[in-house]
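Peer 1: Pasting a structure here, questions to come.
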Amino acid sequence: MLDKLDIRFENAINIDDIKAQIMNNNLKAVIRHFRRPKKGMGLFVFGSSVIFHISAFHNCCYFVSTNPSKFYSFDDYISSLLKLLSLETLESAKVTRLDVCIDLNEPYDEIFQRFDVAFKRSTSRWLCDSSKLRSAYFGKKPSEVIIYEKKYKNEVGVYTRIEKRVYGRNLPTRSLFGLKNSLSQAEIDKFFKHVIIIPTCITENLSRFSKADAIKGAELKGMLKVAGYGQTKRMLNSHCHFKRNTNKFFVTAKNQFDLAGIANQQLSNFFKEESAKEPCDEC
């Protein structure tokens with residue numbers, strides 16, 4: 001799934017022209033003015049939710065932040081963009097950021113305790129909503145990986161999203177219309193080459209161990225919950241041999257995940273899906 005896709009224009013577009021297209025196509029939009037970092041305005045275009053965020057300074061637009069996941073297919077996404085911008089403008093536009101994400105219908109704790117990534121953890125923070133949702137950030141530009149909790153749209157509960165953010169030179173193409181052919185299976189495999197969910201998890205039955213080992217197992221479980229598998233492994237390897245000292249606490253997990261395979265399947269469906277009339281708010 002493509003969660004976010006940012007595009008930049010070489011030549012300025014008059015914001016009044018975009019407003020006229022919004023009115024002509026009976027779209028909804030909200031304008032918000034801001035002064036920092038420099039005086040300008042944000043134009044939020046709605047389907048059933050925000051689908052485009054257009055940034056304008058001095059009445060000129062150079063940048064549009066979009067959310068393809070709100071659409072049923074890539075063709076729907078392009079069709080909606082063409083209601084605001086000309087074909088010539090889109091053909092000359094440059095992709096500056098691409099977020100490829102995978103949604104897993106599993107609790108965050110279960111996934112995070114098995115989450116291993118080659119990048120160092122850069123920061124962790126709370127995503128503020130009506131309640132606190134956990135997230136952890138790994139790496140830095142031009143290549144970042146984020147794992148976080150996300151609320152269901154129309155249901156109670158949360159699920160886990162793993163997101164690969166790609167910028168600049170790491171993008172498979174800078175052309176918006178070239179994405180369909182550039183996001184091949186090999187390219188997706190490369191995105192998730194260093195991101196895995198290990199096939200084992202820590203056992204729930206620590207009582208079968210000796211008292212000393214049970215205490216060690218509980219400490220290990222606490223570390224996995226806070227730091228994730230990858231960070232825990234690196235921390236313990238600096239003091240002892242991780243696998244030799246912890247292997248007895250791990251068992252084969254019930255659910256196995258091939259992240260690159262899941263991402264390839266979701267993107268394949270998105271690019272091949274037949275067009276729909278309205279943006280999809282539940283994606």
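The values are calculated or read from the model by the stated rules, or taken from the named source; none is laboratory data. Everything numeric in this text was worked out from a predicted model, so none of it was measured. Heads up, the Cβs are rebuilt from the backbone with ideal geometry, glycines too, and the neighbour counts pull from every protein chain shown.
Peer 1: Within the range 87-121, work out how many residues are among the basic types (K, R), assigned to a strand (DSSP E or B) and more than 15 Å from the chain's Cα centre (by Cα). Even if it seems obvious, please write down each step before you answer.
Peer 2: Step one: list which residues in the range 87-121 are among the basic types (K, R), which gives 94, 97, 114, 120-121.
Of the ones still in play, those that are also assigned to a strand (DSSP E or B) are 94, 97, 121.
Right, trim to more than 15 Å from the chain's Cα centre (by Cα) and you get 94, 121.
Residues that pass the stated criteria total 2.
Peer 1: Continuing with this model, one more query. L84 versus (1) outside any loop (DSSP other than H, G, I, E, B); (2) in contact with a helix residue (DSSP H, G or I) (Cβ under 7 Å, 6 or more places away or on another chain): which is the lone unmet condition?
Peer 2: (1)
Matching residues to (1) surrounded by fewer than 16 Cβ atoms within 10 Å (Cβ to Cβ); (2) of a type in the set (A, V, I, L, M):
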{"residue": "K150", "(1), (2)": "no, no"}
{"residue": "K153", "(1), (2)": "yes, no"}
{"residue": "V158", "(1), (2)": "no, yes"}
{"residue": "K164", "(1), (2)": "no, no"}
{"residue": "S175", "(1), (2)": "no, no"}
{"residue": "G178", "(1), (2)": "yes, no"}
{"residue": "Q185", "(1), (2)": "yes, no"}
{"residue": "I188", "(1), (2)": "no, yes"}
{"residue": "I202", "(1), (2)": "no, yes"}
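Peer 1: Which condition from (1) more than 23 Å from Q256 (Cα to Cα); (2) in contact with a helix residue (DSSP H, G or I) (Cβ under 7 Å, 6 or more places away or on another chain) is the one that I198 breaks?
Peer 2: (1)
Peer 1: I would also like to ask the following. From the set of residues in the range 44-67 that are at pLDDT 85 or above and crowded, with 20+ Cβ neighbours inside 10 Å, which is farthest from D6 (Cα to Cα)?
Peer 2: V45
Peer 1: If you don't mind, there's one more thing I want to ask. Scan the helices (runs of 4 or more DSSP H) fully inside the range 168-256 and keep the ones with 3 or more residues being more than 24 Å from the chain's Cα centre (by Cα) and in contact (Cβ under 8 Å) with a residue 12 or more places away in the chain.
Peer 2: Here the list reads 211-237.
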